[in-house]
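Below you'll find the structure, written out as structure tokens, and then a few comments.
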Amino acid sequence: MRLKILIFALTFPVITALDVVTKRWALAELASPDHGHELLGGLVPLTLAFNKGAAFGIRVTEDSRWFFVPLTVVALVLLGFLYKDASNRDILRVSSISLVVSGALGNLYDRVRWDRGVVDFLGPVDLGFWDFPIFNVADMAITCGAILLAISFYLEEKAMQTAGGDVREIIQQ
């Protein structure tokens, strides 16, 4: 149990602090259109944007925040059950859940505090065939955590098929 708490206790404040600090910086420094900030030699431009929708700006209504706030709360509750259910030794599962929860709370804070939307500032990144949308630290945590969570579920399924039993029993042994 202590390892689970330690992983979350290290992940949550780091991601939250990075998200808050970088969003505050973006609001202060990128407000003027001639800011000229970029990362990695221009590969990643820095552009202040407010996303009222979900990933990639997907909107349900004109003011989607009242759709996404309760949806985020439901997702956080489900992630809480996954966290509680995860084995103390399942570092991948616990780490992935910690990342998703941290990022979701970071973006939830923006949705609740004002109607402007979630503060995004990294991008758009020109991939040559498509401009990858503007994002933030919370988005990176959610994306990386979701990918790791999918890998965790895949590995669990693979272990269950190989062992012919419940992987939780195998992990806890």
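Key figures
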| read-out | value |
| --- | --- |
| Computed magnitude of the charge dipole of the chain (debye, nearest 20; Cβ of K, R +1, Cβ of D, E -1) | 600 |
| Spin-label zone in the stretch 89-117 - amide nitrogen under 16 Å from a point set 7 Å from the Cα of Ile151 along the C-beta vector | 90-100 |
| Helix 91-113 vs. the chain, principal-axis angle (Cα, 0 to 90°, nearest 10) | 30 |
| 0 to 90° range, to nearest 10: angle between helix 65-85 axis and the chain longest Cα axis | 30 |
| Dipole of the stretch 2-172 [Lys/Arg +1, Asp/Glu -1 at C-beta], most positive-end residue of Phe68, Ala163, Ser87 | Ser87 |
| Degrees between helix 137-163 axis and first principal axis of the chain (Cα, 0 to 90, nearest 10) | 20 |
| Neighbourhood net charge (12 Å Cβ-Cβ; Lys/Arg +1, Asp/Glu -1) for Ala104 | -2 |
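A short reminder: the numbers here are calculations on the coordinates, not readings from a lab. Since the structure is predicted, the reported quantities are computational estimates derived from the model, not experimental observations. Using ideal geometry, Cβ is built from the backbone for each residue, glycine included, and neighbour counts are taken over all protein chains shown.
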